[in-house]
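What follows is a set of notes on a single structure, which appears directly below.
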Amino acid sequence: MSEQQPLQDVSKMAIPTIPSLSPQVPKQNGLWSSNPVFSYLNDVYTNIAEHRKSLGLTNPGTVENLSKEVTRDVFANQYFFTGLRADLNKAFSLNPAFQTSHTLSIGSENLPPYAFSALYAKEDFFVQGNVDNDLSFSGKVNYGWDEHNISKVTLQIAHNQPVMCQLEQDYQANDFSINVKALNPTLLNGGFTGVAVASLLQSFTSKFAVGIESMYSRQALSLPPDSAVNYFARYNAGNWIATAQLQAQGALVGSFWRKVTDRVEAGLETQLVASVKPITDSMMGTPIGYEPVVEGQTTIGAKYEYRQSVFRGQLNSAGKVAVFMEKRVLPTVSILFSGEIDHLKNSSKLGVGLQFESAGNEQLMLMQQGLVDANGNPVPGAPQM
Amino acid sequence: MAAKDQPSTITQIYNSPAFTAAVQVGLFVAGVAFIQSPLMDFLVPQL
């Protein structure tokens with residue numbers, strides 16, 4: 001006869017149970033999970049979430065940064081300037097970051113003669129303001145509610161131009177990103193006027209993501225609204241990235257980026273824009289029909305990062321060769337050079353600039369000169385004070 | 001009145017939208033092949 005086990009050890013007894021026949025354990029959280037319908041929906045959601053997690057998807061970035069590696073990092077377009085310029089930057093603190101900048105320019109096509117900008121940034125908060133000699137103002141405020149949610153407000157008040165205000169919300173989940181923005185939205189005129197844009201970029205595999213962007217625009221209630229849908233795809237293979245965009249206006253944009261080494265990147269972008277051009281009668285000058293027109297441009301470029309300088313060069317199918325170089329000649333002084341030659345139009349542009357960095361306190365000054373690190377410790381090998 | 005001269009076949013091909021599209025797609029493919037090729041690796045400075 002077997003020994004009787006004490007009652008308190010009943011949990012350790014090997015009692016065979018069949019899962020389907022074992023009684024359901026009441027779920028926590030009341031109605032939401034104990035109700036059979038909600039419980040079923042919860043289970044479906046949990047199953048899908050677990051399956052998505054098992055795919056090992058990563059956040060694909062945002063639609064705005066779809067081809068950032070090519071257009072912003074490699075190509076010189078956004079750094080390009082003409083004429084002479086001088087930047088006087090002063091950093092007052094690093095954490096939180098606070099710095100001001102004075103930019104003086106002469107003979108430039110797009111830079112104002114004088115501009116002042118200030119920047120303040122913390123871990124979850126960023127504000128930047130810029131005002132020029134025409135009193136044109138542009139400002140940007142970003143606030144991160146948590147690691148997934150960022151709200152952004154952009155304001156532009158330019159001379160003789162309407163005020164532009166853009167409200168934006170970014171949500172970046174584990175495997176997708178949503179962005180919603182509105183430009184000059186108002187309901188005060190009896191209905192919505194302004195521009196509203198919503199975009200979604202979803203990872204399908206750990207490397208491949210597709211996206212869609214929808215835009216609704218209405219300048220005034222008396223005018224008909226306009227809408228457009230754009231499609232995106234991005235393939236990130238680690239050391240190379242390919243993207244494609246199909247825009248509603250009839251543009252197709254493809255880009256390719258490769259990290260050749262740690263300090264060398266190469267990029268390529270092709271734009272094809274299809275439009276319709278009216279055909280006019282050569283005798284009467286009256287329109288007699290329409291013909292499709294396709295315009296295209298391909299740009300290839302490379303970025304080289306050296307120890308004291310950064311070099312960007314590019315060449316496009318319209319015959320333009322452009323270069324932008326930034327070289328640090330002293331710890332606090334950099335020289336900027338930008339040049340462009342248009343071989344088809346036989347014209348050229350040139351820009352030369354100086355950038356001065358100064359510090360608002362002694363530790364920052366020592367850091368700028370490479371004598372101490374961010375924690376205030378002496379840098380090995382640097383000459384000591 | 002003299003009949004208006006028709007553009008040559010080559011001019012017609014050159015002016016067609018498909019030609020522009022084909023050239024740009026060709027340039028893109030050639031660019032990708034160049035960037036992915038060992039030629040791009042040779043353009044890295046050996047410092």
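Count, please, the residues in the stretch A:237-246 that happen to be more than 11 Å from chain B (Cβ to nearest Cβ) and modelled with pLDDT under 95.
Of the residues in that region, 1 qualify.
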Can you confirm whether the stretch A:202-215 contains a residue that is without any contact (Cβ under 8 Å) to a residue 60 or more places away in the chain and basic (Lys, Arg)? yes
I'd like the full set of residues that are within 14 Å of residue A:298 (Cα to Cα) and aliphatic (A, V, I, L, M), limited to the stretch B:18-32. B:21, B:22, B:23, B:25, B:27, B:29, B:30, B:32
Among what's in the stretch B:1-24 and is hydroxyl-bearing (Ser, Thr, Tyr) and within 27 Å of residue A:243 (Cα to Cα), pick the residue that is farthest from the other protein chains (Cβ to nearest Cβ). B:16
In the stretch B:30-47, what residues are closer than 28 Å to residue A:251 by Cβ and surrounded by fewer than 14 Cβ atoms within 10 Å (Cβ to Cβ)? B:30, B:33
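Go through the stretch A:365-385 and give me each residue that's over 22 Å from residue A:97 (Cα atoms) and modelled with pLDDT of 70 or more. I'd like the intermediate steps shown before the answer.
Here is the first cut: in the stretch A:365-385, the residues over 22 Å from residue A:97 (Cα atoms) are A:380-385.
The answer is A:380, A:381.
Given the residues A:216, A:235, which is the only one that is among the hydroxyl-bearing types (Ser, Thr, Tyr), more than 23 Å from residue A:250 (Cβ to Cβ), part of a strand (DSSP E or B) and open to solvent by 40 Å² or more (accessible area, probe 1.4 Å)?
Numbers: A:216 fails: more than 23 Å from residue A:250 (Cβ to Cβ).
Going through A:216, A:235 in turn, the sole match is A:235.
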If the Cβ limit is 9 Å and pairs must be 6+ apart or interchain, which residue in the stretch A:132-148 that is more than 21 Å from residue A:120 (Cβ to Cβ) pairs with which residue that is assigned to a strand (DSSP E or B) and among the hydroxyl-bearing types (Ser, Thr, Tyr)? A:133/A:114; A:148/A:171
Give me a count of the residues in the stretch A:157-171 that are among the hydrophobic types (A, V, I, L, M, F, W, C) and open to solvent by less than 60 Å² (accessible area, probe 1.4 Å). 2
Out of the residues in the stretch A:238-256 that are touching a Leu at 6+ places or on another chain (Cβ under 6 Å) and crowded, with 17+ Cβ neighbours inside 10 Å, state the one that is farthest from residue A:303 (Cα to Cα). A:252
Output the qualifying pairs, or none if there are none: Cβ atoms under 9 angstrom, residues six or more apart or on different chains, first residue in the stretch B:25-46 and facing another protein chain (nearest Cβ under 7 Å), second residue part of a helix (DSSP H, G or I) and not aliphatic (A, V, I, L, M). B:40/B:34
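Can you tell me which residue within the stretch A:51-91, out of those that are of a type in the set (D, E, K, R) and at pLDDT below 90, is farthest from residue A:203 (Cα to Cα)?
So in the stretch A:51-91, the residues of a type in the set (D, E, K, R) come out as A:52-53, A:64, A:68-69, A:72-73, A:85, A:87, A:90.
Narrowing the set further to residues that are at pLDDT below 90 leaves A:52-53.
On the way: A:52: 10, A:53: 12 Å.
Going through the qualifying residues, I end up with A:53.
The values are calculated or read from the model by the stated rules, or taken from the named source; none is laboratory data. A quick note: this is a predicted structure, and the numbers were derived from the prediction, not measured. Here Cβ is always computed from backbone atoms with ideal geometry, including for glycine, and neighbour counts include all displayed protein chains. Surface areas here come from the heavy atoms of the whole protein model, side chains and all, with no ligands, DNA or RNA. Shrake-Rupley method; radii C 1.70, N 1.55, O 1.52, S 1.80 Å.
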